[in-house]
1. State which residue is surrounded by the most Cβ atoms within 10 Å (Cβ to Cβ) when the search covers only segment 62-77 and only residues that are on the phi > 0 side of the Ramachandran plot and touching a helix residue (DSSP H, G or I) at 6+ places or on another chain (Cβ under 8 Å).
2. Does segment 71-93 contain any residue that is farther than 29 Å from residue 18 by Cα, touching a Phe, Trp or Tyr at 6+ places or on another chain (Cβ under 7 Å) and modelled with pLDDT under 85?
3. Collect the residues in segment 155-175 that are touching a helix residue (DSSP H, G or I) at 6+ places or on another chain (Cβ under 9 Å) and under 9 Å from residue 212 (Cβ atoms), keeping them in residue-number order.
4. For residues that are modelled with pLDDT under 85 and within 22 Å of residue 35 (Cβ to Cβ), tally how many sit in segment 183-206.
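The values are calculated or read from the model by the stated rules, or taken from the named source; none is laboratory data. The model shown is predicted, which means the values in this text are computed figures rather than measured ones. Cβ coordinates were reconstructed from backbone atoms using ideal geometry, including for glycine residues, and neighbour counts include every protein chain displayed.
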Amino acid sequence: MMESAPIPSVKAIDLFPDSIVTEWTIAGKEISFEKGALISTHRISTEIALIIKSGIANAYQLHVDGKECILGLVSPGEFTDVFNIFDSKESDVLCRALTDVTVTAVPKKRIKEAVKQNTNLATELLGYFSKQYKDVINILSHVAYGKVEERLIFLMEKLADPYSADSNWQPIPSVITHKDIAGMIASTRETVTALIGKLINSGILRQHENRLWIRVK
């Protein structure tokens, strides 16, 4: 029996009309960030939103003790922080470049205007935000109560790329190292390496085309 491929999660920007997104991309200012840099609008303007044009970043929240709570990857065609577009307060979501990253800056005002003029878009965004909120609650419960192996599996699921799925397998970006993963789950590189080997043997992960893949349900 052939397994059906999982349905990729929807990007917030996919909810906007293609013509508007194209206009933003053409008119917006391009800004580059080197690998490891914090992607932020603080030095530019708090009234703009950033869309990843090339490269990969990870979105996370930083706890007071220095631990990172990973919210997921941000890939080309995604906002670095879609929630902050509609919030006047400073965002507590951080975004770090895992590779060299180029973004397009778009005034928040233009995005808000597009939403105000399209009630269907506004409704779809509410549904998107609701799902994201539930995902964050799930993430926090794993960080607070999960064992290291459980946190690793959960993180792999968050980092996996559903748009490059092969049947029920999704790849983990090759730019992410065992050391990176260890920092994301508050563990050590040695522990992560050992657990990855265990998960490969148990069939949860596989090594293919020089990168890790995770089986999704």
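1. We begin by selecting, within segment 62-77, every residue on the phi > 0 side of the Ramachandran plot; these are 66, 72, 77.
Next, only the ones that are touching a helix residue (DSSP H, G or I) at 6+ places or on another chain (Cβ under 8 Å) stay: 72, 77.
Details: 72: 19, 77: 16.
Taking the candidates together, the pick is 72.
2. No, the conditions are met nowhere in segment 71-93.
3. Within segment 155-175, the first condition is being touching a helix residue (DSSP H, G or I) at 6+ places or on another chain (Cβ under 9 Å), and the residues that meet it are 155-156, 158-159, 170-173.
Those that are touching a helix residue (DSSP H, G or I) at 6+ places or on another chain (Cβ under 9 Å) and under 9 Å from residue 212 (Cβ atoms): 156, 171, 172.
4. Kept after step one, since they are modelled with pLDDT under 85, are these residues of segment 183-206: 183-187.
Narrowing further to those that are within 22 Å of residue 35 (Cβ to Cβ): 183-185.
Of the residues in segment 183-206, 3 are modelled with pLDDT under 85 and within 22 Å of residue 35 (Cβ to Cβ).
To keep it simple, each residue is scored yes or no on (1) touching a Leu at 6+ places or on another chain (Cβ under 8 Å); (2) surrounded by 16 or more Cβ atoms within 10 Å (Cβ to Cβ).
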position	(1), (2)
18	no, no
28	no, yes
31	yes, yes
35	yes, no
41	yes, yes
45	no, no
48	no, yes
51	no, yes
58	yes, yes
